[in-house]
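Report on one structure; see the data block that follows.
Derivation of every value follows stated rules applied to the coordinates shown; laboratory data play no part. These numbers were taken from a predicted model, which means no experiment stands behind them. Using ideal geometry, Cβ is built from the backbone for each residue, glycine included, and neighbour counts are taken over all protein chains shown.
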Amino acid sequence: KQEVTQIPAALSVPEGENLVLNCSFTDSAIYNLQWFRQDPGKGLTSLLLIQSSQREQTSGRLNASLDKSSGRSTLYIAASQPGDSATYLCAVGNRGGSEKLVFGKGTKLTVNP
Amino acid sequence: EAGVAQSPRYKIIEKRQSVAFWCNPISGHATLYWYQQILGQGPKLLIQFQNNGVVDDSQLPKDRFSAERLKGVDSTLKIQPAKLEDSAVYLCASSLIRLAAPYNEQFFGPGTRLTVL
């Protein structure tokens, strides 16, 4: 059974700092990994999608890496801004059967001005 | 392009009552998912449809939850009777058909926040 863990559960940083969010998963037989952002009371916004054959994806100030063999992914946020404050969720899609996503509990990020 | 639409956005009911949620996926997306997100947790899949057929409902509490996707477009999720532990946000997501889009990126709606008193 796939389990996804995100560390830390909460993170508070000053504006302008570079930061890394961590995600680990127990079953390396995945076909993709998605990072999402969730604002309070809102749905999920997809940030980056990494295929199992890829090592990283970049979008603006965001960079996500994937190491399938070790069961880890990181989300790097450069030059953080107060508008980046949100909960960041990592989710993996397993091979075989349905393409359901298994989510971690998320990391709540606060960027202080 | 319009996103995934859900209604209502909020619902408050008493335990043992029934409730229904509606989802309209992105146009052309054959796969539709319902997730349950309890406060402080990540979303958990309840049911997945491919067109109007069920692909995975292994985590759906079938004694009280039901879902349908008539005509392979809109979907309705129902809870009857509701329990206190059903208080959560119910998220609907959609993705392109599996064979045509191997990446299967999922797009989520704003969710329905259910409070059971």
Which whole-number percent gives the relative contact order of chain A, counting Cα pairs below 8 Å spaced six or more residues apart? 37 percent
Per the 1/(1 + (r/R0)^6) rule, R0 = 22 Å and r from the Cβ atoms of B:Ala20 and A:Lys105, FRET efficiency to 0.05 is 0.20
Restricting attention to region A:10-67, which trypsin sites (Lys or Arg not before Pro) occupy a DSSP loop and are surrounded by at most 11 other Cβ atoms within 10 Å? A:Arg55
Putting +1 on Lys and Arg Cβ atoms and -1 on Asp and Glu Cβ atoms, find which of A:Gln2, A:Ser69, A:Ser59 reaches farthest to the positive end of the dipole of chain A. A:Gln2
For B:Tyr10 and B:Asp63 in the same chain, what is the full-extension length gain: residue separation times 0.36 nm, less their Cα-Cα distance, in nm? 16.7 nm
Mean projected area, convex hull of alpha-carbon positions in chain A, reported to one decimal in nm², is 6.7 nm²
Considering just Cα atoms, how many Å³ per residue does the convex hull of region A:1-59 enclose? 129 Å³
Quote the relative contact order of region B:17-106 in percent (integer), defining contacts as alpha-carbon pairs under 8 Å separated by 6+ residues. 38 percent
Hey, got the dipole for chain B? About the Cα centre, +1 on K and R Cβ, -1 on D and E Cβ, debye to the nearest 20? 300 debye
Could you quote the convex hull projected area for the protein assembly as shown, Cα atoms only and averaged over all directions, in nm²? 12.5 nm²
Around B:Asp57, under 14 Å between beta carbons, what's the net of Lys plus Arg minus Asp minus Glu among the other residues? +3
Quick check: net charge around A:Asn112, other residues with Cβ under 10 Å of its Cβ, Lys/Arg +1 and Asp/Glu -1? -2
What per residue convex hull volume, in Å³, do the alpha-carbon atoms of chain B yield? 99 Å³
